[in-house]
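A quick write-up on the structure given underneath.
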Amino acid sequence: MTLPSGKVPIKVLENIIFKHLGTKRSEVILGPRLGVDGAVVEVGEKALITSMDPITGALDQIGWLAVNVNANDIATFGVHPTLFTACMLLPHGTTEATIETISKQMDTAAKKIEMAIIGGHCETTPGIAHPIIVGTAMGITDKNHYVTSSGAKPGDRLILTKGAAIEGTAILATDKNELLQSRFSRAFLSRAAGFYRRISVVEDALLAFRTEGVVAMHDPTEGGVAGGIQEMADASKTGVNVIESQIPIEKETAEICEFFKIDPLQLVSSGALLIAAKQTSAERIVSTLKKHEINASIIGEFLRNPATRDMVGADGITKPLVRPVSDHLWKALKKA
């Protein structure tokens, strides 16, 4: 079976990867499972939250993304990300100037979140065409003082911060800038590229966690908002009903997605945060986020039946919520 670009299918995770996880250890409170982007390891009275993500589909801001995308995974536990390591794989012909650019991007991003870069690896690697960074982020908290993506229950409300396809919009506006100039103005593309500044969800997640009523959080990365919702429902073993008209999509995102004929709900969406909240707390969480100038909307509800994953379209017609086979970023990047 030939695999599509991006994350491997769920069946590969369940039938192969999850069956080969080394020795079971009592310190590992939360290990690999569907829809969960990090691990929890208890050390004494503390819990270490750790997560790993690669940056493979972006070029211009790869160092900035490596730090923020990994930090986001820690923040979705309600924990401040504090430590970062990176494995930097570079194609032959890479110059010192490229390494310096990437390193400065990581340094700037880490300082903004108050993270320390504590190690990693850097090499030129045969067989790759552009830089790849594999990052690991960590955070430390008290035992049991965190949430995971698996805590949603039937009746809980689903909240989305900011909007769909933030990261994908920024990547395409930057890495496909020359192609997009055939349709859009430089000012338009500059605004879209500026979406990079919205990539972090650390503030979103920590504000929400400190507000009573959050039961689960997840950041929709590869596979977009649709994929992120599916992963959250997978982890929580619930169904979900989503209201499409409640999902914010910026004008720049909508028009760039229309240009590439791709779905913004299936486009990589770092910068958005999915929050499951108790029904009685959802409006208060949204209000708290908006007071801190973070847009947030209630976009759906978790259901009892895990087989029910629906979306009410803008036309009022209910249809199955799509489960992305491959992130639509890959489709767009292939366009010449």
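The values are calculated or read from the model by the stated rules, or taken from the named source; none is laboratory data. A quick note: this is a predicted structure, and the numbers were derived from the prediction, not measured. Backbone-built Cβ (ideal geometry, glycine too); neighbour counts: all protein chains shown.
Of everything in region 48-78 that is at pLDDT 95 or above and among the small types (Gly, Ala, Ser), the residue that is surrounded by the most Cβ atoms within 10 Å (Cβ to Cβ) is ALA71. Is it true that some residue in region 224-235 is buried (at least 24 other Cβ atoms within 10 Å of the Cβ), over 13 Å from the mean Cα position of the chain (by Cα) and in the same structural domain as LEU274 (by TED's automatic domain parsing)? Yes, that holds for at least one residue. Just checking, does region 174-181 include any residue being of a type in the set (Ser, Thr, Tyr), buried (at least 21 other Cβ atoms within 10 Å of the Cβ) and within 28 Å of ALA205 (Cα to Cα)? Within region 174-181 (the criterion being of a type in the set (Ser, Thr, Tyr), buried (at least 21 other Cβ atoms within 10 Å of the Cβ) and within 28 Å of ALA205 (Cα to Cα)), the answer is no, since none of the residues qualifies. Would it be correct to say that ALA152 is assigned to a helix (DSSP H, G or I), hydrophobic (A, V, I, L, M, F, W, C), in contact with a Phe, Trp or Tyr (Cβ under 7 Å, 6 or more places away or on another chain) and closer than 20 Å to ILE247 by Cα? No, not satisfied. Looking at the structure I just gave you, is ALA193 over 24 Å from ALA66 (Cβ atoms) and in a helix (DSSP H, G or I)? Spelling it out, it is not the case that ALA193 is over 24 Å from ALA66 (Cβ atoms) and in a helix (DSSP H, G or I). Is it the case that some residue within region 226-242 is of a type outside the set (S, T, N, Q) and modelled with pLDDT under 95? Within region 226-242, none of the residues are of a type outside the set (S, T, N, Q) and modelled with pLDDT under 95. Looking across region 301-336 at every residue that is among the acidic types (Asp, Glu) and outside any loop (DSSP other than H, G, I, E, B), the one that is surrounded by the fewest Cβ atoms within 10 Å (Cβ to Cβ) is identified as ASP310. For GLU45, the conditions (1) surrounded by 12 or more Cβ atoms within 10 Å (Cβ to Cβ); (2) in contact with a strand residue (DSSP E or B) (Cβ under 8 Å, 6 or more places away or on another chain) all hold with the exception of (1). If you filter region 286-300 down to residues that are more than 20 Å from the chain's Cα centre (by Cα) and not in a loop (DSSP other than H, G, I, E, B), you find that the one that is farthest from ARG157 (Cα to Cα) is LYS291. Would region 117-127 turn up any residue that is of a type in the set (A, V, I, L, M), outside the structural domain of ALA216 (by TED's automatic domain parsing) and part of a loop (DSSP other than H, G, I, E, B)? No: region 117-127 contains no residue that is of a type in the set (A, V, I, L, M), outside the structural domain of ALA216 (by TED's automatic domain parsing) and part of a loop (DSSP other than H, G, I, E, B). Going through (1) surrounded by fewer than 19 Cβ atoms within 10 Å (Cβ to Cβ); (2) in contact (Cβ under 8 Å) with a residue 12 or more places away in the chain one by one, LYS162 falls short only on (1). Restricting attention to region 260-285, the residues being assigned to a helix (DSSP H, G or I) and among the polar types (S, T, N, Q) number 1.
Only a single criterion out of (1) in a loop (DSSP other than H, G, I, E, B); (2) at pLDDT 95 or above; (3) within 21 Å of LEU274 (Cα to Cα); (4) not polar (S, T, N, Q) is not satisfied by ASP37, namely (2).
Applying a threshold of 7 Å to beta carbon distances and a minimum spacing of six or more residues, or different chains, the list of pairs starting in region 253-265 at a residue that is surrounded by 23 or more Cβ atoms within 10 Å (Cβ to Cβ) and ending at one that is hydroxyl-bearing (Ser, Thr, Tyr) reads THR253/THR169; ILE256/THR169; PRO264/THR253. Being at pLDDT 95 or above, under 16 Å from ILE55 (Cβ atoms), within 22 Å of the chain's Cα centre (by Cα) and not in a helix (DSSP H, G or I) is a condition met by at least one residue of region 88-98.
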